[in-house]
Amino acid sequence: MRLSSMADYAVVVMAAAARHCGGARVSAVQLAQETGLPAPTVQKLVSCLANAGLLRSSRGVGGGLKLARPAAAITVADIVEAVEGPIALTACVEKGKHECTLEGACTVRPHWPLVNEALRGALAGVSLIQLAQVAPAPSLAPQLLSSEYAA
């Protein structure tokens, strides 16, 4: 399973916004520049994330974007669901969906909610504050030492 590009980009945008937490508001254009994503994509994501209550937008002088709640209270699950909807590995658990040919005889179908909840729980265990931290650059020292002794 992979996240869609839009869900992936939403996590990237929210992490960038979280790095501004406590500071001045940030614009969608600024987030696009910081992340390297196209501005129209960021604007579309900002709209989804604001509608989901994860970002607050204000217009005018001093306006811009701000996290709607602390970064520690926003999870990867929240962000993914804002863009993709409920987290589910199969469509058969969605009400009104009847796309599976095994639906009538499937013995696994009743168990998919358990699997989906486990997946959602794993994503909910990662907070935005963890993703907003800048990871240290990998050190070259161990590679240099091992190549020096390999010769």
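The values are calculated or read from the model by the stated rules, or taken from the named source; none is laboratory data. All values derive from a computational prediction rather than experimental measurement. No Cβ is skipped: glycine too gets one built from the backbone with ideal geometry, and neighbour counts run over all protein chains shown. For the accessible areas, the whole protein counts, side chains as well, though only heavy atoms, and no ligand, DNA or RNA atoms are used. Shrake-Rupley method; radii C 1.70, N 1.55, O 1.52, S 1.80 Å.
Near L55, the amide H atoms lying under 5 Å from its own belong to A50, A68; only residues 5 or more places off or on other chains count, and H is placed 1.01 Å from N.
Could you sort D8, D78 by accessible area so the largest value comes first, with the probe set to 1.4 Å?
On the way: D8 75, D78 35 Å².
So the residues, ranked largest to smallest area, are D8, D78.
Between N51 and A39, the simple spin-label model (points 7 angstrom out along Cα→Cβ) gives 2.2 nm. A full extension of the chain between Q133 and V29 corresponds to an added length of 35.3 nm, given 0.36 nm per residue minus the alpha carbon distance. The phi-based Karplus calculation (6.51 cos²θ - 1.76 cosθ + 1.60; θ = phi - 60°) puts the 3J(HN,Hα) values of the range 99-106 at 9, 9, 6, 8, 3, x, 10, 6 Hz, whole numbers, x for Gly and Pro.
Distance from the alpha carbon centroid of the range 51-87 to that of the range 9-32 works out to 10 angstrom.
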